[in-house]
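The structure appears right after this line, and notes come after that.
The values are calculated or read from the model by the stated rules, or taken from the named source; none is laboratory data. Everything numeric here is computed off the predicted structure, so don't read it as measured data. Backbone-built Cβ (ideal geometry, glycine too); neighbour counts: all protein chains shown.
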């Protein structure tokens, strides 16, 4: 972050909060799971760290403090002159489900240009990305979320935003065609990969080939964020990958093999530089993360 942006952030915090020195230190340096904010009129709120980040994002976009606090308390997010509802994005102990920051605040899926397209959303989580695609004009969104806990929020969020006719969500995973048992009690988050359980719920696992066959898809766009399952793309036939006009996926253990595969399938491919991340929730916690963007030639 450059000095100008740092200065703007400090001024924003100083303008809105009485405890701005402590608050700035906690946001930037100590990052506790919970933070107390004190408004200029003396109102106190205990918020999860990620709620404070969302609050600052809304303030940066020009929303008043009181209104922004109401949005956070009511699980609402302003987006393009609409107010959408996203339940389940923040849980006890500051556990973050979905990725409302990248999806709605930063709009990191703009590349997919989904207007009038069919979208396959692998790693739908609580439905935030599927809702984003529907709000941006997707003709149909088919989402896959394997874990029952975030899946329950996905269905609820789609219903409360009146998007049932545009979004179809499957309690299913992506990979080699088959079935897997998942733990129904696992409180998954946006950093957890798909692992089998000895007991729980049996769910279906789809390949891209089986998704395309089952839904009779001729062409679509593909979003994939599934904490490692993206490497199953290497097992897909090139003609199946060729059904997609644009692909955006987050890679977690390097991009080289996926990039080569997509180039062979007829895509122009670019990627962001990898960043090293230690993810304690993943089966292999040492990650090399970034985005791959592919567009059919």
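General observations
- Each residue in segment 56-70 was checked for being free of Cβ contacts under 8 Å to residues at least 40 places away in the same chain and surrounded by 17 or more Cβ atoms within 10 Å (Cβ to Cβ), and 3 pass.
- Scoring residue 107 on the criteria (1) crowded, with 17+ Cβ neighbours inside 10 Å; (2) on the phi > 0 side of the Ramachandran plot leaves a single failure, condition (1).
- Take the conditions (1) within 24 Å of residue 218 (Cβ to Cβ); (2) at pLDDT 95 or above; (3) buried (at least 24 other Cβ atoms within 10 Å of the Cβ); residue 127 misses just one of them, which is (1).
- In segment 219-233 there is no residue that is without any contact (Cβ under 8 Å) to a residue 12 or more places away in the chain, in the same structural domain as residue 128 (by TED's automatic domain parsing) and more than 22 Å from residue 180 (Cα to Cα).
- Matching residues in segment 232-242 - criterion: being within 14 Å of residue 295 (Cβ to Cβ) and not in a helix (DSSP H, G or I): 242
- If the condition is being touching a helix residue (DSSP H, G or I) at 6+ places or on another chain (Cβ under 8 Å) and either in contact (Cβ under 8 Å) with a residue 60 or more places away in the chain or under 16 Å from residue 166 (Cα atoms) (or both), then segment 101-124 contributes 108, 109, 112, 114, 119, 120, 121, 122, 123, 124.
- Residue ID - surrounded by the most Cβ atoms within 10 Å (Cβ to Cβ), chosen from residues in segment 177-197 that are over 21 Å from the mean Cα position of the chain (by Cα) and at pLDDT 85 or above: 180
- Residues satisfying the stated conditions in segment 54-76, i.e. assigned to a helix (DSSP H, G or I) and either more than 16 Å from residue 13 (Cα to Cα) or over 20 Å from the mean Cα position of the chain (by Cα) (or both): 59, 60, 65, 66, 67, 68, 69, 70, 71, 72, 73
- Of 94, 113, 106, 99, all but one fail to be within 19 Å of the chain's Cα centre (by Cα) and over 28 Å from residue 17 (Cβ atoms); the exception is 113.
- Tally of residues being surrounded by 14 or more Cβ atoms within 10 Å (Cβ to Cβ), farther than 23 Å from residue 97 by Cα and modelled with pLDDT under 95 across segment 24-55: 1
- Among the residues listed as 127, 88, 98, the single one being in contact with a helix residue (DSSP H, G or I) (Cβ under 6 Å, 6 or more places away or on another chain), within 25 Å of residue 63 (Cα to Cα) and not assigned by TED's automatic domain parsing to the domain that holds residue 237: 88
- Candidate set from segment 71-94 (those that are out of contact with any strand residue (DSSP E or B) (no Cβ under 9 Å at 6 or more places or on another chain) and surrounded by 15 or more Cβ atoms within 10 Å (Cβ to Cβ)); member that is farthest from residue 135 (Cα to Cα): 88
- Flag for residue 79 being touching a helix residue (DSSP H, G or I) at 6+ places or on another chain (Cβ under 6 Å), under 18 Å from residue 106 (Cα atoms) and either in contact (Cβ under 8 Å) with a residue 40 or more places away in the chain or assigned by TED's automatic domain parsing to the domain that holds residue 136 (or both): yes
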